[in-house]
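Asker: Mind having a look at this structure? Questions to follow.
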Amino acid sequence: MLRYGRHHLDEADVAAVLEVLRSEWLTTGPKVEEFELAFGRATGSREAVAVSSGTAALHAALQALGVGPGDEVIVPAMTFAATASSVLYQGAQPVFADVEPETLLLGPAEAEARITPSTKVVLAVDYAGQPCDYEGLGALAESRGLALVADACHALGATDGLRPVGSLAELSAFSLHPVKAMTAGEGGVVTTDSEELASKMRRFRNHGINSDFRQRDAGASWRYDVEELGYNYRFTDFQSALAVSQLKKLPGFVARRREIARRYDEAFEGMDGLLRPLGSRPGATHAYHLYVVRLDLKRLSTGRTSVFKALRAEGIGVNVHYIPVHLHPLYVKRLGTGAGLCPVAEAAYEEILTLPIFPAMEDSDAEDVIRAVSKVLRAFSRKTA
Ligand SMILES: *Cc1c(COP(=O)(O)O)cnc(C)c1O
């Protein structure tokens, strides 16, 4: 089965981890700093704070902004559940916004429609790997006194014009999970230009303590202060070594994803509109964490489920990203959300399929996907008179 995404490690990655395993520091040592500096440079940000997961990165970002009980955070319905969970962790309320019909990204109009006097943050998601319209969202946030945070877990390596993702919002969160653009096994990063927010997040990832073990060790002191409640969201030195090694290959990884996407785009143009790729934003480059297609269900004699099953039977590990978050029982029970709240996301959900895309995919794998998609959709296509 050709999976929809997977990591790509080489011997240099393995050697980098082994070196740390044989060294003095396993966690919060020199490698974490080295990775943070390199990641900040790669994303055009003054600060990068490494944490234990993308979800922890989102949580740290919201905590740094002072989000708490009584606050609302606007979140698009079309995203992974963790985007909204991070809001609940802080005791605040996620408010689900609909998405733009072609890109399935949160746009300024959709965000504006959800603003109330309690709104504190707009948390946009770079769905599939395209950066949102941060200029438009930023102008809205500024005029309404809100903070703008990017869940950029899909978009590491993408740009908007000349500006890299990571530098487009006040805070941007990334994931280093194996299906993402690069990996450290698990891990996350928040980028920002604010030194103040960065040092707040460095305390938050270490129990709210105002110095780390290595600093106290160097200063021959046991003294530290817990200033506010923190978590253990630390990133280890051996993960950092892997991340530093992977980061060097990121541009190549993204280029390969884009190459596969171009192949798919070209092949699917010849399929009479039975399916179409997501719309792309002019001026932005796409990191293609996901290659999402939309089926034209009116032209098919069956629903998405049968297409999904038929492709799986062909050995193509298709997937669906995502069930709109407001339809999950947690939110239905807790916030009373449900069908009808975000009609564009709900309609898109019925039509979307994620096809395999990852840098280690061979051209022949891509050809297999194209052949299987074409075979299955033609078999299910409604005969027109
Ligand atoms: C992967 C992902 C996350 C969470 O990242 P983890 O590292 O798995 O915690 C959050 N948001 C989005 C959109 C993601 O794709």
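The values are calculated or read from the model by the stated rules, or taken from the named source; none is laboratory data. Here the structure is a predicted model, which means the values were calculated and not measured. Because the Cβ atoms are built from the backbone with ideal geometry, glycine has one as well, and the counts that use them run over all protein chains shown. For the accessible areas, the whole protein counts, side chains as well, though only heavy atoms, and no ligand, DNA or RNA atoms are used. Shrake-Rupley method; radii C 1.70, N 1.55, O 1.52, S 1.80 Å.
For (1) within 12 Å of the ligand (Cβ to nearest atom); (2) open to solvent by 40 Å² or more (accessible area, probe 1.4 Å), each residue gets a yes or a no:
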| residue | (1), (2) |
| --- | --- |
| 166 | no, no |
| 175 | yes, no |
| 195 | no, yes |
| 198 | no, no |
| 206 | no, no |
| 212 | no, no |
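Asker: Determine whether the range 309-318 contains at least one residue that is under 22 Å from the mean Cα position of the chain (by Cα), under 25 Å from residue 102 (Cβ atoms) and not in a loop (DSSP other than H, G, I, E, B).
Answerer: Going residue by residue through the range 309-318, those that are under 22 Å from the mean Cα position of the chain (by Cα) are 317-318.
In the following step, the residues that additionally are under 25 Å from residue 102 (Cβ atoms) were identified as 318.
In the following step, the residues that additionally are not in a loop (DSSP other than H, G, I, E, B) were identified as none.
No - not one qualifying residue is present in the range 309-318.
Asker: Hey, another quick one. Hey, could you check the range 75-94 for residues that are closer than 23 Å to residue 350 by Cα and among the hydrophobic types (A, V, I, L, M, F, W, C) and say which is nearest to the chain's Cα centre (by Cα)?
Answerer: 80
Asker: Follow-up. What tally of residues in the range 1-38 results from selecting those that are in contact (Cβ under 8 Å) with a residue 24 or more places away in the chain, assigned to a helix (DSSP H, G or I) and charged (D, E, K, R)?
Answerer: Number satisfying all stated conditions: 5.
Asker: From the list 109, 97, pick out the single residue that is more than 13 Å from the ligand (Cβ to nearest atom), open to solvent by 10 Å² or more (accessible area, probe 1.4 Å) and either closer than 15 Å to residue 344 by Cβ or within 17 Å of the chain's Cα centre (by Cα) (or both).
Answerer: 109
Asker: With respect to residue 274, determine if the residue is surrounded by 18 or more Cβ atoms within 10 Å (Cβ to Cβ) and over 27 Å from the mean Cα position of the chain (by Cα). Talk me through it step by step, then tell me what you get.
Answerer: Values: surrounded by 18 or more Cβ atoms within 10 Å (Cβ to Cβ): yes; over 27 Å from the mean Cα position of the chain (by Cα): yes.
When the stated conditions are applied, residue 274 passes them.
Asker: Can I ask one more? If you check 118, 86, 143, which single one turns out to be modelled with pLDDT of 95 or more, more than 15 Å from the ligand (Cβ to nearest atom) and within 24 Å of residue 228 (Cβ to Cβ)? Lay out the reasoning, then the answer.
Answerer: Details: 86 fails: more than 15 Å from the ligand (Cβ to nearest atom); 143 fails: within 24 Å of residue 228 (Cβ to Cβ).
Among 118, 86, 143, only 118 is modelled with pLDDT of 95 or more, more than 15 Å from the ligand (Cβ to nearest atom) and within 24 Å of residue 228 (Cβ to Cβ).
Asker: For the range 277-291, which positions are free of Cβ contacts under 8 Å to residues at least 40 places away in the same chain and buried (at least 16 other Cβ atoms within 10 Å of the Cβ)? Before you say what the answer is, go through the steps one by one.
Answerer: Within the range 277-291, the subset free of Cβ contacts under 8 Å to residues at least 40 places away in the same chain is 277, 282.
Matches in the range 277-291: 277 only.
Asker: Inside the range 336-380, can you point out the residues that are farther than 19 Å from residue 307 by Cβ and touching a strand residue (DSSP E or B) at 6+ places or on another chain (Cβ under 7 Å)?
Answerer: Listed by number, the residues that qualify are 337, 341, 342, 365.
Asker: Taking the range 335-353 only, how many residues are assigned to a helix (DSSP H, G or I) and without any contact (Cβ under 8 Å) to a residue 40 or more places away in the chain?
Answerer: Residues meeting the conditions: 1.
Asker: Something else: Quick one: in the range 44-54, which of the residues that are within 16 Å of the ligand (Cβ to nearest atom) and touching a Ser or Thr at 6+ places or on another chain (Cβ under 6 Å) is farthest from residue 338 (Cα to Cα)?
Answerer: 48
Asker: Let me ask something else. Out of 181, 128, 155, report the one residue that is under 30 Å from residue 248 (Cβ atoms), within 14 Å of the ligand (Cβ to nearest atom), in a helix (DSSP H, G or I) and open to solvent by less than 20 Å² (accessible area, probe 1.4 Å).
Answerer: Result of the check over 181, 128, 155: 128.
Asker: Filter the range 207-228 down to the residues that are more than 32 Å from the chain's Cα centre (by Cα) and small (Gly, Ala, Ser) and list them by number.
Answerer: 218, 219, 220, 221
Asker: Looking at residue 27 and the list (1) touching a Phe, Trp or Tyr at 6+ places or on another chain (Cβ under 9 Å); (2) open to solvent by less than 40 Å² (accessible area, probe 1.4 Å); (3) modelled with pLDDT under 95, which single condition is not satisfied?
Answerer: Result: residue 27 fails condition (2) only.
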